[in-house]
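What follows is a short report on a single structure.
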Amino acid sequence: MRATRPRRTAGGGELEPARRVDLLAYFSGAFDLAESQPIGHACRVAKIALGIERELKLAPVARRRVINAALLHDAGVSIRTTSGHLGGGAWVAERFGLDAGVKSAIRATHERWDGKGRPAGIAGDAIPIDALVLGAAHWASDHVEEPANPLRARAQLQRACPDEVEAIAGPRVTSEMCAVLRDDGIWIALWTAELPVVVVAAGSGEGRPSHRKVERAAAAMGDVNDAAVREPGRSHRVASLAGAMASALGFLAGYTRAVTIAGYLIDVGQLGAPRHITEQPSILSVDEMEQMRRHPGLGSRMLATAPGLGEIPAWVEAHHERPDGRGYPGMLTGEEVPVTPRILAVADAYCALRADRPYRSALSRSEALSLVRAGAGGQFDAAVVGALTPAADACEARWVRERRVVQVPRRQVVQKWLRRRA
Ligand SMILES: [Fe+2]
Ligand SMILES: [Fe+2]
């Protein structure tokens, strides 16, 4: 197979500026999958919560809290921490740079006005108003998603509204929840394919879109995925190495940034893999391996309609393709595999070799370089592999210098597994 030497070029992969909330609205679909919720659950909670918030005439800052907390309220499910999925959700909110108000709202999502909620069992006005709004919105969303007929669901909700909701959210929020149920506009919006757009159009007051916000949101999403698959820092190493390789290959700055951002996101589809597979700290069976092989396509679909990401969804889909045609999911060959996935594949493989696995210790730098070089021309693009050594030299020194450690909350399942083995 003839290796392709990428030319010095802008590459065509430049990204559009976007806001954090724009991306959160789409990333929330990944958290829905991780919780086995129907896609759009987090957006539906956000839309209903915004309707209640509008009726309550809360301050704009409360609107920001409600949107962000609703979009992330189930994000902690994917990382399974000892502090429960709400504590995990607050940790995810922190990774996205959200403030203490958002974290408090997430932590109190399942508290109830009558004190019978969890985890703290607080009651009445001790519960933040944002959390009461989320609680009511969650109640409506759960009912909406169950029956096949949305109109029947609405009729059921209208009948149940004051009585069922008051114990959850108190009289003030309940009265506005009942008003929202009579609002045709909100009801219709819950089933539109553009629901994420509708949610963020309500306005988060977040300010102007920027490339920096896209990069930060992608990096946070990478942290969440790393926490879910038990390898903290992995996405940052892949992203920085892929970016350094793109730079060494002569790509311009805008394209190099896009490659870096893709590096954070390549394995986001793993959030949709069954928990017993991602949490298994041993070698996967053939069947489990097959299920994991769905992650490029799943990740690509999660990101496909998100704003600002340019060609990244297509690159994510192809990051396990191989020039010799033995990759997946498309078994593409040679130059059918775009150059960026070829870069991502090399960066991903090198970082995997440099990390501990249940069945082997991390390889040394020279061992990892030798193994990747051995795959040049078959598993990997030879020209891309040529850029690995200088890029790895630069990155390894930086990784040690920065000592970037993401404090991941303690995990239940891994600890249980370790106890069983002891
Ligand atoms: Fe939920
Ligand atoms: Fe992957």
*Evaluate the relative contact order of the chain (contact order divided by residue number), counting alpha-carbon pairs under 8 angstrom at least 6 apart; express in whole percent.*
21 percent
*Charge-dipole axis of the chain as Lys and Arg at +1 and Asp and Glu at -1 on Cβ define it, positive-most pick from 30, 323, 113*: 323
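When a/c is below 1.5 the answer is rounded, else prolate if a/b is larger than b/c, else oblate, so apply that to segment 81-212 with a ≥ b ≥ c taken from the square roots of the Cα gyration tensor eigenvalues.
Note, shape of segment 81-212 comes out oblate.
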*With an 8 Å cut-off on Cα pairs and a minimum separation of 6 or more residues, tell me the relative contact order of segment 40-201 in percent.*
24 percent
*Just name one of 49, 151, 291: the one whose Cα is farthest towards the positive end of the charge dipole of the chain (beta-carbon charges, Lys/Arg +1, Asp/Glu -1).*
291
_Can you tell me the orientation of helix 60-72 relative to the chain, as the angle in degrees between its alpha-carbon axis and the longest Cα principal axis, to the nearest 10?_
60 degrees
*asked:* Please state the shape class of segment 197-307: rounded when a/c is under 1.5, otherwise prolate if a/b exceeds b/c and oblate if not, all from the C-alpha gyration tensor.
replied: oblate
*Take peptides 113-120, 166-173 and line them up by average Cβ neighbours within 10 Å, highest first, as a rough protection proxy.*
166-173, 113-120
*Burial ordering of 213, 57, fewest other beta-carbon atoms within 10 Å first*: 57, 213
*asked:* Can you compute the charge dipole magnitude of the chain about its Cα centre, using +1 on each Lys and Arg Cβ and -1 on each Asp and Glu Cβ, nothing else charged? Give it in debye, rounded to the nearest 20.
replied: 1220 debye
*Compute the long axis of helix 234-248 from its Cα atoms, compare it with the longest principal axis of the Cα atoms of the chain, and write down the angle in degrees, 0 to 90, nearest 10.*
50 degrees
*asked:* Using the Cα centre of segment 77-173 as origin and beta-carbon charges of +1 (Lys, Arg) and -1 (Asp, Glu), tell me which of 98, 88, 171 is placed farthest towards the positive end of the dipole.
replied: 88
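Read-outs throughout are calculated quantities, based only on the coordinates presented, and are distinct from any laboratory measurement. Only a predicted model underlies this, so the values are computations on that prediction, with no experimental measurement involved. Every residue, glycine among them, receives a Cβ derived from its backbone with ideal geometry; neighbour counts consider all protein chains shown.
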